[in-house]
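The values are calculated or read from the model by the stated rules, or taken from the named source; none is laboratory data. Source: prediction; values computed, not measured. Cβ placement follows ideal geometry from the backbone for every residue including glycine, while neighbour counts extend to all protein chains displayed. The protein model used for the area step is the full one, side chains on, heavy atoms only, and it has no ligands, DNA or RNA in it. Shrake-Rupley method; radii C 1.70, N 1.55, O 1.52, S 1.80 Å.
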Amino acid sequence: MPVSQMIVVSPCGNGTELLNQITTALGYTSRGTMGAAPGNPQDGPGPGEVFPLLKAAYGQEEATRLLRAYHAEQAADRLAKAFQGAVEALWRVWWKRLGQPVTTATTLDSAVEERLARQPDEQLLRLLPGRDCWYVNTLDPQRMDPGLLRLWATTGTPLIICHRRGTRDRITAQVQALSQPADQVGTLPDHLLYQQILSAQPSMDAKLTLALTDPHFPGIAESAHTHWLTHHPAVITLTHEELAGPAYGGTNEARRTALSRLLNATGSLHEPATLPTPHPGHPHLHIGHAAQHFSPHHEHLVRNHPHMKADSH
C-alpha cells in the first residue's frame with residue numbers, strides 16, 4: 001500500500017524542484033516550503049476524509065450540523081469553508097510539530113487550532129486528507145515535537161526522505177537565488193533580509209565569502225542539522241547529483257537507481273521511466289555549477305567551516 005504521508009528534508013539551494021516534480025507526479029500534495037509542481041492539479045478530499053477532520057476541528061455536534069445542512073440545503077460553500085479552515089489549522093499544527101517557525105499573527109480560528117493541537121500524533125497523521133509530502137529546510141530533533149519524534153522512532157511513520165547536494169553547488173545556487181530582485185525570493189523572513197544584505201555586496205566573490213563566513217546565512221545551519229538523517233537506517237537519502245540526470249550533468253543510470261529507491265520506499269507502483277524527466281532550462285541545477293565561481297579562498301573556507309566538513313564533497 002502506498003505511503004500516505006512523508007517528509008522531505010531539503011536545505012535551501014538543493015535543487016528541490018526536481019524532487020518536488022517527482023513527488024507531485026506520484027500523487028503527493030506538497031506542503032511547507034514547496035507547493036505543487038506546475039501543471040499538476042491537486043485532488044480534493046477522498047472518501048471518509050471530511051467528517052473525521054470536521055469532528056476533530058469543530059466537535060461532533062457542529063460537524064454533524066455542517067453535513068446535515070449540506071445534504072438538506074446543498075450548503076456547499078459553508079461546508080467547503082469550514083473544511084478548508086480545518087485543513088489550514090491542521091497544516092499549522094503539523095508545521096509546529098515538525099519544529100518549523102510560524103507567525104504569531106494568524107487569521108485562523110484559534111479554538112480550531114487548539115482542538116487539533118490536542119490530538120495525538122498518530123491521529124493527526126490519519127486526519128490529513130489525501131497523500132501529503134511535507135517539504136522542510138531542516139529537521140532538528142531538538143526542535144521537533146517529542147511526541148512526533150517518539151512516534152517516528154517507534155513506527156517509522158511518516159516516511160522521511162533526506163535530500164542532499166554538494167556544498168559548493170548548494171551555496172552558489174542559494175547565493176544566486178537570493179541575489180534576485182526582492183519580489184522573486186519568496187516570503188521567508190531570513191531570505192528577505194539576506195536578499196538586502198547580498199544586494200549591497202559588490203561582486204559574486206564577495207557574496208560567496210559572506211555566505212561562507214556568516215553562520216546565519218540561509219541554509220548553513222539548516223544543513224548542519226540534517227547530518228543525523230544520513231546515518232539513520234530508516235531514512236531514505238537521495239542526492240541532487242543522482243536525480244539531475246543527463247540534463248544537468250548526471251547519468252540516466254544514477255537517476256533510475258535513485259528513483260527505484262524512492263518508489264520502493266513509498267510503495268508506489270510507478271516505474272522510473274514513467275516519471276517526468278528534468279527540464280533542462282535551469283542552469284543553477286547543473287552538477288559542478290559552482291566551479292566557475294569558487295576561488296582557492298572559497299575552497300579554504302569550505303574545508304575549514306565547522307558546519308560543512310561532513311558535507312563538502
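Mind checking which residues of the stretch 66-79 are open to solvent by 90 Å² or more (accessible area, probe 1.4 Å) and assigned to a helix (DSSP H, G or I)? Those that are open to solvent by 90 Å² or more (accessible area, probe 1.4 Å) and assigned to a helix (DSSP H, G or I): 68, 71, 73, 77, 78.
Sort through 218, 272, 276, 202 and tell me the only one that's within 30 Å of residue 143 (Cα to Cα) and not β-branched (Val, Ile, Thr).
Numbers: 272 fails: within 30 Å of residue 143 (Cα to Cα); 276 fails: within 30 Å of residue 143 (Cα to Cα); 202 fails: within 30 Å of residue 143 (Cα to Cα).
Of 218, 272, 276, 202, the one residue that is within 30 Å of residue 143 (Cα to Cα) and not β-branched (Val, Ile, Thr) is 218.
Within the stretch 12-30, residues that are at positive phi sit with their Cβ atoms under 7 Å from residues that are open to solvent by 20 Å² or more (accessible area, probe 1.4 Å) and part of a loop (DSSP other than H, G, I, E, B), at 6+ positions apart or across chains, in these pairs: 27/131. Do we have residue 289 as assigned to a loop (DSSP other than H, G, I, E, B), open to solvent by 40 Å² or more (accessible area, probe 1.4 Å) and either over 30 Å from residue 214 (Cα atoms) or in contact (Cβ under 8 Å) with a residue 40 or more places away in the chain (or both) here? Here the answer is no, as residue 289 does not meet what is asked.
The set of residues from the stretch 137-177 being open to solvent by 30 Å² or more (accessible area, probe 1.4 Å), assigned to a loop (DSSP other than H, G, I, E, B) and of a type outside the set (Val, Ile, Thr) comprises 141, 142, 143, 145, 156.
Annotation note: Cβ proximity below 7 Å between a residue of the stretch 255-280 that is within 22 Å of residue 5 (Cα to Cα) and a residue that is in a loop (DSSP other than H, G, I, E, B) and open to solvent by 20 Å² or more (accessible area, probe 1.4 Å) (sequence gap 6+ or interchain) occurs for 263/270; 266/2; 266/3; 267/1; 267/2; 267/3; 268/2. Report yes if some residue within the stretch 97-109 is within 22 Å of residue 137 (Cα to Cα) and assigned to a helix (DSSP H, G or I); otherwise report no. The answer is yes, given that some residue of the stretch 97-109 is within 22 Å of residue 137 (Cα to Cα) and assigned to a helix (DSSP H, G or I). Among residues of the stretch 224-254 being open to solvent by less than 20 Å² (accessible area, probe 1.4 Å), in a helix (DSSP H, G or I) and not aromatic (Phe, Trp, Tyr), the one that is farthest from residue 9 (Cα to Cα) is 243. If residue 258 meets every condition in (1) out of contact with any Asp or Glu (no Cβ under 7 Å at 6 or more places or on another chain); (2) more than 23 Å from residue 291 (Cα to Cα); (3) part of a helix (DSSP H, G or I) apart from one, which number is that one? For residue 258, the failing item is (1). Per the listing 82, 57, 105, the residue uniquely closer than 27 Å to residue 146 by Cβ, buried (at least 17 other Cβ atoms within 10 Å of the Cβ) and aliphatic (A, V, I, L, M) is 57. Scanning the stretch 261-285 for residues that are over 20 Å from residue 8 (Cβ atoms) and not in a helix (DSSP H, G or I) yields 269, 271, 280, 281. Answer yes if at least one residue in the stretch 212-227 is over 23 Å from residue 18 (Cβ atoms), at pLDDT below 95 and of a type in the set (Ser, Thr, Tyr), and no otherwise. For the stretch 212-227, residues over 23 Å from residue 18 (Cβ atoms), at pLDDT below 95 and of a type in the set (Ser, Thr, Tyr): present.
Is one or more of the residues making up the stretch 190-201 more than 30 Å from residue 3 (Cα to Cα), under 18 Å from the mean Cα position of the chain (by Cα) and either touching a residue at least 24 places away in the same chain (Cβ under 8 Å) or in a helix (DSSP H, G or I) (or both)? Checked the stretch 190-201: at least one residue is more than 30 Å from residue 3 (Cα to Cα), under 18 Å from the mean Cα position of the chain (by Cα) and either touching a residue at least 24 places away in the same chain (Cβ under 8 Å) or in a helix (DSSP H, G or I) (or both).
How many residues are in contact (Cβ under 8 Å) with a residue 60 or more places away in the chain, closer than 23 Å to residue 164 by Cα and among the hydrophobic types (A, V, I, L, M, F, W, C) when one looks only at the stretch 202-222?
Of the residues in the stretch 202-222, the ones in contact (Cβ under 8 Å) with a residue 60 or more places away in the chain are 204-205, 208-209, 212-213, 215, 218-222.
With closer than 23 Å to residue 164 by Cα added as a condition, the list becomes 208-209, 212-213, 215, 218-222.
Keeping just the survivors that are among the hydrophobic types (A, V, I, L, M, F, W, C) gives 208, 212, 220-221.
Residues meeting the conditions: 4.
Inspection of the stretch 255-273 identifies no residue that is farther than 19 Å from residue 176 by Cβ, in contact with a helix residue (DSSP H, G or I) (Cβ under 9 Å, 6 or more places away or on another chain), among the basic types (Lys, Arg) and loosely packed, with under 12 Cβ neighbours inside 10 Å.
Could you count how many residues in the stretch 122-136 are within 19 Å of residue 57 (Cβ to Cβ) and not in a helix (DSSP H, G or I)?
Residues flagged as within 19 Å of residue 57 (Cβ to Cβ) and not in a helix (DSSP H, G or I) within the stretch 122-136 amount to 4.
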